[in-house]
């Protein structure tokens with residue numbers, strides 16, 4: 001992107017991995033328009049129907065630089081994420097559901113992948129978010 005940071009459209013992203021059987025190990029990562037990165041890894045088993053035992057942390061893990069925000073926006077657009085179908089679901093009862101909600105300026109798109117292989121566009125954006133969150137989210 002060749003725009004200045006002030007002219008870049010606001011970016012926000014949220015990734016959630018929700019397991020079918022137990023909430024222990026559920027993950028969520030959020031990047032705010034201000035570049036704040038929040039991450040939460042569920043450590044407990046929640047009551048049936050609940051995915052999280054606590055709200056988002058009060059303090060961000062870190063704040064992305066304008067260059068990091070621009071790179072995330074580039075990945076979002078260049079990967080083709082905004083063109084993916086809203087849902088890619090395979091039959092079954094076990095497994096997990098990955099969700100990404102993205103907003104770039106006035107563009108909004110959400111994609112849910114459930115028990116199915118994720119397309120490359122989803123994989124690239126998810127990998128970028130996991131890397132930004134760092135351990136234990138990234139390998």
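Of 104, 72, which residue is buried (at least 18 other Cβ atoms within 10 Å of the Cβ), in contact (Cβ under 8 Å) with a residue 60 or more places away in the chain and within 13 Å of the chain's Cα centre (by Cα)? That would be 72, the only listed residue that is buried (at least 18 other Cβ atoms within 10 Å of the Cβ), in contact (Cβ under 8 Å) with a residue 60 or more places away in the chain and within 13 Å of the chain's Cα centre (by Cα). Entry remark, the range 44-65: residues being over 26 Å from residue 8 (Cα atoms) and surrounded by fewer than 15 Cβ atoms within 10 Å (Cβ to Cβ) number 12 in total. With respect to the conditions (1) in contact (Cβ under 8 Å) with a residue 60 or more places away in the chain; (2) closer than 18 Å to residue 128 by Cα; (3) crowded, with 17+ Cβ neighbours inside 10 Å, residue 81 lacks only one, and its number is (1).
Can you spot a residue in the range 5-17 that is out of contact with any strand residue (DSSP E or B) (no Cβ under 9 Å at 6 or more places or on another chain), exposed (fewer than 12 other Cβ atoms within 10 Å of the Cβ), more than 28 Å from residue 104 (Cα to Cα) and modelled with pLDDT under 85? No, the conditions are met nowhere in the range 5-17. The single condition among (1) loosely packed, with under 12 Cβ neighbours inside 10 Å; (2) more than 17 Å from the chain's Cα centre (by Cα) that residue 86 does not meet is (2). Candidates 37, 77: the one that is touching a strand residue (DSSP E or B) at 6+ places or on another chain (Cβ under 8 Å) and in a helix (DSSP H, G or I) is 77.
Residues that are out of contact with any helix residue (DSSP H, G or I) (no Cβ under 7 Å at 6 or more places or on another chain) and under 23 Å from residue 37 (Cβ atoms) were ranked within the range 107-117; the one that is surrounded by the most Cβ atoms within 10 Å (Cβ to Cβ) is 112. Here the range 23-34 is the region considered, the condition is being in contact with a strand residue (DSSP E or B) (Cβ under 8 Å, 6 or more places away or on another chain) and farther than 23 Å from residue 11 by Cα, and the residue that is modelled with the highest pLDDT is 26. Summed over the range 80-104, the residues that are assigned to a loop (DSSP other than H, G, I, E, B) and modelled with pLDDT of 95 or more give a count of 4.
The values are calculated or read from the model by the stated rules, or taken from the named source; none is laboratory data. Remember, it's a predicted structure, so these values are computed and weren't measured experimentally. All Cβ positions, glycine included, derive from the backbone under ideal geometry; neighbour counts span all protein chains shown.
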